[in-house]
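Contents: one structure, followed by commentary.
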Amino acid sequence: MALDNLSSSLRETFRKITGSSYIDKNVIKEMIRDIQRALLKADVNVKLTLDLSRKIEERSENEKPPAGMTPQDYILKIVYEELLAILGKSSNLKIQPQTIMLVGLYGQGKTTTAGKLARFFIKKGLSTGFVACDVHRPAAFEQLRTLSEQTGAKFFGIKGEKNPVKIFNQSIEELKDIQVKIVDTSGRDSLDSDLLDEITKLKKAVNPDEVLLVIDATVGQQAGPQAKSLMDATGLTGVIITKMDGTGKAGGALSAVAQTGVPVYMIGTGEHLEDFEIFSPKKFLGRLLGMGDPEALLDVAQEADISDEKAEETMTKIMSGKFNLMDMYDIWEKFAKPSLMKRLFDSIPVGKMPKGASNMLDLDAAQEKIGKYTVILDSMTYKELENPEIINAKVIRRVSRGSGTQEQDVRNLLKEFRAMKENAKMMKGNRALKKMMRGQMKGNPDLLKEFED
Ligand SMILES: Nc1nc2c(ncn2[C@@H]2O[C@H](COP(=O)(O)OP(=O)(O)OP(=O)(O)O)[C@@H](O)[C@H]2O)c(=O)[nH]1
């Protein structure tokens, strides 16, 4: 995840607070210093970081925990609430017929994002079409046409035409039966007057339901001023932040946009079309803090064409530690697409596990081993998959030969499987985590009962 450093620093801070036997001014001061360092490293604006610190300090010193809540848990609740506040309000694209205009500078990932948006709406059952109004970058025409073939979206463009308004007007007839129209516009190297002029003219002709700024997370805090000036000039309705997978500055981009009041609708998390997620501040922060995101599993399961029941059953099994190699095989086989696997693991709460324990759920390691492990599991009998405890040295030798892998690979798989079961049990036993998760799972009775005392 792009914010690994921020995530591990905040989890460490939470671990320290959970583990401290008392809370006094010094403990709070040290916690705030840790949080400040973590946020500044994630490129969050200095003023915003100091305001946040002041609020946390003031609340921690003046507010008393409600009955039944320990001072430690209450401090964590304050930090969680104040961090949530800098991530902005939650607001999402409506799943209904509409016209969307994408704007942004060069190289931000706008055309790719058009493809991701098309796939998103088509998966929701809405017919979708592209209007190629990027008249400055010839490659964008072909790129969009290819994306239409990949996603099944319709495509309208006029090769070589330099007037985007003319292109749009001629698309109206062609795309009249299409429910969601995505208008890709020209990128520019800066927010100069002719870009704003072109967007304003095109917007008048298109009269879109949404004007979305597509911006690369690596611009960090600069995302804020860009969103602000486009909002003032063209009436921006939302932001899509791309490349959240590749930069530690995502915190800066997210918080900077949040300050403008323009909602972040979606985030891009990779080059593939499925690397695209609805942005929810609560879910995002929950995953950052390792509190997991049970609902994310259901979205991911849909993408992996797994039924909600099967996904819930899998999640319940994982959380309760009652799963065998057959369940593991199911997960790996179904979620083999790296991005789906990443979202699956992000949705499992690992926040408060003792240091190092959660590296077993380290998705990057799992991703590169997925192929090898699936082959190894393929070479096991049903009996061995259902009852891993019967696997001995002789079976390991047979399976490694049958799968063309090393015996050590088979041993590693078994070790990670056992660690995953151990971690699941640890999560279950963790009181503070239960409290945190209760809020997350209230809509999920099956998962909640796993966390009941
Ligand atoms: N890692 C990663 N790469 C991305 C993401 N979104 C887009 N990209 C890559 O960023 C590069 C630029 O993407 P394009 O879609 O061509 O965006 P663009 O250059 O802004 O398009 P124009 O605005 O039309 O010029 C491509 O290599 C994309 O694969 C993302 O979320 N993560």
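Every number here is computed from the coordinates shown, using simple stated rules; none is lab data. Small disclaimer: the values here were computed from a predicted structure and weren't measured. All Cβ positions, even for glycine, are placed from backbone atoms using ideal geometry, and neighbour counts span all protein chains on display.
Hey, what's the Kirkwood Rh for the range 130-174 if you take every pair of different alpha carbons, in angstrom?
Details: mean 1/r = 0.0953 Å⁻¹.
Hydrodynamic radius (Kirkwood, Cα only) of the range 130-174 equals 10.5 Å.
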For the range 1-129, would you read off the P(r) tail past 27 Å as a percentage of all alpha carbon pairs? 42 percent
Hey, what do the phi angles of the range 236-245 turn into as Karplus ³J(HN,Hα) couplings, whole Hz, using 6.51/-1.76/1.60 and θ = phi - 60°, x for Gly and Pro? 3, 10, x, 10, 10, 9, 9, 6, 5, 7
How much length, in nm to one decimal, is gained on full extension between residue 64 and residue 166, taken as 0.36 nm per residue of separation minus their Cα-Cα distance? 30.4 nm
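Taking Rh as the Kirkwood radius, which is the inverse of the mean 1/r over Cα pairs, what is the Rg/Rh value for the range 137-278?
Numbers: Rg = 15.6 Å, Rh = 16.3 Å.
Computed over Cα atoms, the ratio is 0.96.
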Please give the peptides 120-127, 131-138, 205-212 ranked by average Cβ packing (other Cβ atoms within 10 Å per residue), highest first, as a rough proxy for protection. 131-138, 205-212, 120-127
Computed from the mean reciprocal separation of all distinct C-alpha pairs, what Kirkwood hydrodynamic radius does the range 156-232 have, in Å? 14.1 Å
